[in-house]
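The values are calculated or read from the model by the stated rules, or taken from the named source; none is laboratory data. Treat the numbers as computed from the prediction; the structure is a model and nothing was measured. Cβ: placed from backbone, ideal geometry, glycine included. Neighbour counts: every protein chain shown.
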């Protein structure tokens, strides 16, 4: 037996391999994901620095060396902006504001302008969070598979697999009263993983 | 419908969530392997993520997964230590013995709770129960190598142990898991081969 063979772990029976593959399919439920998001939101609030009066200006701020240092930092930041590194995780798109005019009868369907074209026509898994909770209506024929939906008092989480590209699934949300609504859409395919944030202001 | 330009840069929480989101399934399984119940694993996952968020500035240049697994494991050990202080030694011994003996002789696995039955496939539950019957040092290495497909170097970084230790634990853990799983899946064959009644 070679040294390489000694390094190799003993083979597992196929039954065990199959069970380990099944374990790999274990994923956190939508309910757990919503719970984690709520916990992080609470942590964010607890983590926010208290509002205090601004400290009195220091003489140090006017020192020439400080100005040189600040200049160097700003130059570094500019270089980073001009030569961005490729993103390690999902790409975060800037938040977008969408104005929505409610129809005469008071309720209407808003079509979210999600950037499905980044997926080059590949199927994408969409996770849509609506706050406050709202009804989401992708066309039934367009949805390839529907995942778990979870709601609490503050938000609803919808998950489904959809088409992208020219035959992209329309993501429609029913709004029945004026107000401010927030939608976080995470969509991932083999091509890209993008997170978008829409702020919708619905007027009567 | 009209649209306006950008509103604001993503917040620290949004950036953190974006980085952690793709790792959630792996972290969830890591917590499931550490804990004895789903409820405990979910609590551990939540506590670990909150702790990671609050200490996000202390993350070094290593991988997110390694950093998060380290936090989850430390959090788990802290909880265990504080529980152990509250419990008698006898309770701990009885619990450990019943878990291991139950896996070997009583049809292999603990009875899953109703939520577990709903959530997980029978096979996954069985192999998870067998993993739980392994000592933790073998359990985590087998999980990270055989379920998460991490290479030995990455596992060594995640667990903070030497590469040789990972290899040896993987070999021994795999061998034990194979025996436990086959005993759990075919209890009658096991009894027969050991000279028991068929």
Counting only residues that are modelled with pLDDT of 85 or more, surrounded by fewer than 17 Cβ atoms within 10 Å (Cβ to Cβ) and within 25 Å of residue B:17 (Cα to Cα), which one in region A:94-114 is nearest to the other protein chains (Cβ to nearest Cβ)?
A:97
I'd like to know if region A:177-195 contains one or more residues that are touching a helix residue (DSSP H, G or I) at 6+ places or on another chain (Cβ under 9 Å), more than 14 Å from chain B (Cβ to nearest Cβ) and modelled with pLDDT under 85.
yes
